[in-house]
Amino acid sequence: MSKAINISAALADPALGRALLDKLGKLLETYGRPARFMEVCGTHTVSIFRSGLRSLLPPGLTHLSGPGCPVCVTHDSEIAACLGLAEKDLILASFGDMLRVPGPGGLSLKEARGKGARVEVVYSPLEALQLAQRRPADRVVFLAAGFETTAPAVAACLQSARREKIGNFFVLSLHKLVPPALRALLAEDRGKGVPPVSAFILPGHVSTVLGVGPYSFIAEEFGRPGVISGFEAADILQSLILILESLIAGRPAIFNQYLRAVSPAGNPRARRILDEIFEPRDALWRGLGRIPASGLIPRADYADFDAWRVFGLEVRESPPPPGCRCGEVLRGRIRPPDCPLFGKACTPATPVGACMVSAEGSCAAYHQYQAG
C-alpha cells in the first residue's frame, strides 16, 4: 500500500517550524508510547544533525541512523580486496572518502598510495573512464561504491567502454541495494527480540531511481510505515507527522512526501540500464553480514570489465578493527558515543571505523555536531 502526499514548505519560517513541532508532539502524546524512527540515507543523517532537529524532537521520539552511507557499509573484507588490488600493476581510481577507510591492520588505500600504490582520486565514474582513455598502456580499475543512485552512471560508463572498445577499463563493483538491507534489519528485529524500529525515513535520492513500490514489503510484511522524504528540515518533520499518523491509525503504508523529485515508478530509464548491465549478487555489509541479492555485479556480457573476475579477487574473512562498534551503529543498536573509541582513538582526523570517515557517516555527524 502506498500513498502520495503533496506537501511543500520551508522551515525557514519559524512559525511553520513551531507549528510542525507542536503537531508532532501532540501526535506522539496521542500515540501514547515511544517511537523509534530510522533514516537510511547519509544526506538525511547530515540534515537532521545540522538542522538541530534531534534536539527539537519531543521526548519519546528517538532518531536512529541506519546503513545509509555507502562508505560506511563497505565491508572490511571488501576493503581488504581493494588493498590487494592496489598491489597489482594497475591504477586504482576511487572516490576520495574510500581512500581513508581503514582495512586490516588499520591500513588504508591512502597509506597504500603513500607506499607506492597507484591510487587516483576521481569525482565520477566518467572521470575514471577518461583516465583509462588517456592512459591506454595502464589498466584502470574504478572502485564503484554506492547505492542505486550512483550505479546507473557506472552502468553507462560500462556501455561506453564496450562501445568504444576501451579494453583497459574495469569496475570493481561494491554497489549495495537498499531494500534488501531494510528487510535484513526488520528480520533481525523480529527474530531476536531487540527494540523494534517503528518506522523508516526512506532515502530521497535512491527513491528517484527506485520509485515507491520496492519498499512496499516494509508495510505489507512487517507492518511498519515508511516515508520517502525530502531533505529540508520541514520535509523531515512532515514525514515524521505522516509516520505518527499512520502508527496511530494502525494502517502502515509507504508514503511519498518527496513528490517534487520522486515519481511512483522512479526513473524507468535508470532502472532499465541497471537491469541491462548488472545483476544482483549476495553482498557483505558492515554490521549486517551477507545479505542475499543485495549487491550488483556486471552481467556475463560485461565480464571482461568486471575486476572481480578479471583479477581473480576473493572476499576473504576480515574482522573489524578491535574495539570498533561501527556495525552496531549502522544497525541502530547503539549511538556513536556508546562506542569506547568515539572521540578518543577514533576521530574524523584519525578514523578507526568507517562511520567516522565520510561526512555522511553517523559517527562523523555526531562528532561534528556534538549530538547528545
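What residue among Ile243, Ile228, Ile334 shows peak mean-square fluctuation when the chain is described by a Gaussian network model with Cα springs under 10 Å?
Ile334
With charges only on Cβ, +1 for K and R and -1 for D and E, what is the dipole size of the chain about its Cα centre, in debye, rounded to 20?
I would put it at about 240 debye.
What is the sum of charges around Glu221, taking Lys and Arg as +1, Asp and Glu as -1, for the other residues whose C-beta is under 11 Å from the C-beta of Glu221?
Around Glu221, the surrounding residues sum to +2.
Which chymotrypsin sites (Phe, Trp or Tyr not before Pro) in region 73-175 pass both tests, a DSSP loop state and at most 13 other beta-carbon atoms within 10 Å?
In loop regions of region 73-175 (DSSP not H, G, I, E or B), the sparsely surrounded chymotrypsin sites (Phe, Trp or Tyr not before Pro) are Tyr123.
Take the chain, connect every pair of alpha-carbon atoms lying under 10 Å apart with a spring to form a Gaussian network, then pick out the residue of Pro179, Pro336, Pro268 with the largest mean-square fluctuation.
Its mean-square fluctuation being the largest, the pick is Pro268.
Name the cysteines of the chain that stand alone by the Cβ rule: no other cysteine Cβ under 4.7 angstrom.
Lone cysteines by the Cβ rule: Cys41, Cys82, Cys157, Cys324, Cys339, Cys346.
Filter the trypsin sites (Lys or Arg not before Pro) in region 248-314 to those in DSSP coil with at most 16 other Cβ atoms within 10 Å of their Cβ, and list the result.
Details: sites: Arg260, Arg269, Arg271, Arg272, Arg281, Arg286, Arg290, Arg299, Arg309; in loops: Arg260, Arg286, Arg299.
Qualifying residues, ordered by number: Arg260, Arg299.
Let me check I've understood the local charge: for Leu83, count other residues with C-beta under 14 angstrom from its C-beta, Lys and Arg +1, Asp and Glu -1. What total comes out?
Net charge in that neighbourhood comes out at +2.
Could you provide, to the nearest whole Å², the per residue accessible area of the chain with probe 1.4 Å?
41 Å²
Mind listing the long-range amide H neighbours of Thr62? Cut-off is under 5 Å, sequence gap 5 or more, other chains count too, H placed in the peptide plane at 1.01 Å from N.
Ala35, Arg36, Phe37
For region 122-165, which trypsin sites (Lys or Arg not before Pro) are in a loop by DSSP, counting at most 11 other Cβ atoms within 10 Å?
The qualifying sites are Lys165.
At most 14 other C-beta atoms within 10 Å and a DSSP loop state: those are the exposed GluC sites (Glu not before Pro) I care about. Give me the longest piece of the chain that has none.
Answer - 222-313.
Can you classify region 192-283 as rounded, prolate or oblate using the Cα gyration tensor, where a ≥ b ≥ c are the square roots of its eigenvalues, rounded means a/c under 1.5, and otherwise it's prolate if a/b beats b/c and oblate if not?
Oblate is the answer for region 192-283, as a/c is 1.5 or above yet b/c matches or exceeds a/b.
Taking Cα pairs under 8 Å and at least six residues apart, what relative contact order does region 268-372 come out at, in percent?
After rounding, I find 16 percent.
Given the DSSP H assignment, sum -39500 (n - 2.57) over each helix run of at least 4 residues in the chain and divide by its residue total; what's the result at 222 nm in deg cm²/dmol, nearest 500?
Estimated from H runs of four or more residues: -11000 deg cm²/dmol.
Considering only the chain, what is the antiparallel percent among its DSSP beta bridges, to the nearest 5?
25 percent
Scan the chain and note any complete DSSP helix (H) whose C-alpha atoms cover at least 20 Å along its axis and whose Kyte-Doolittle average is 0.5 or more.
Working: long enough: 14-31 (25 Å, 0.15); 178-192 (21 Å, -0.17); 233-249 (24 Å, 1.78).
For the chain, where a helix must reach 20 Å along its axis and average at least 0.5, the hits are 233-249.
What does the charge count around Arg135 come to, taking other residues whose C-beta lies under 14 Å from its C-beta (Lys +1, Arg +1, Asp -1, Glu -1)?
On the way: positive: Arg118, Arg134, Arg139; negative: Asp89, Glu120, Glu127, Asp138.
Value of the local net charge: -1.
The values are calculated or read from the model by the stated rules, or taken from the named source; none is laboratory data. Computed from a predicted structure; not experimentally measured. When we count neighbours, we look across all protein chains shown, and the Cβ atoms used for this are built from the backbone with ideal geometry, even at glycine. Keep in mind that these areas ignore ligands, DNA and RNA; they rest on the heavy atoms of the full protein, side chains included. Shrake-Rupley method; radii C 1.70, N 1.55, O 1.52, S 1.80 Å.
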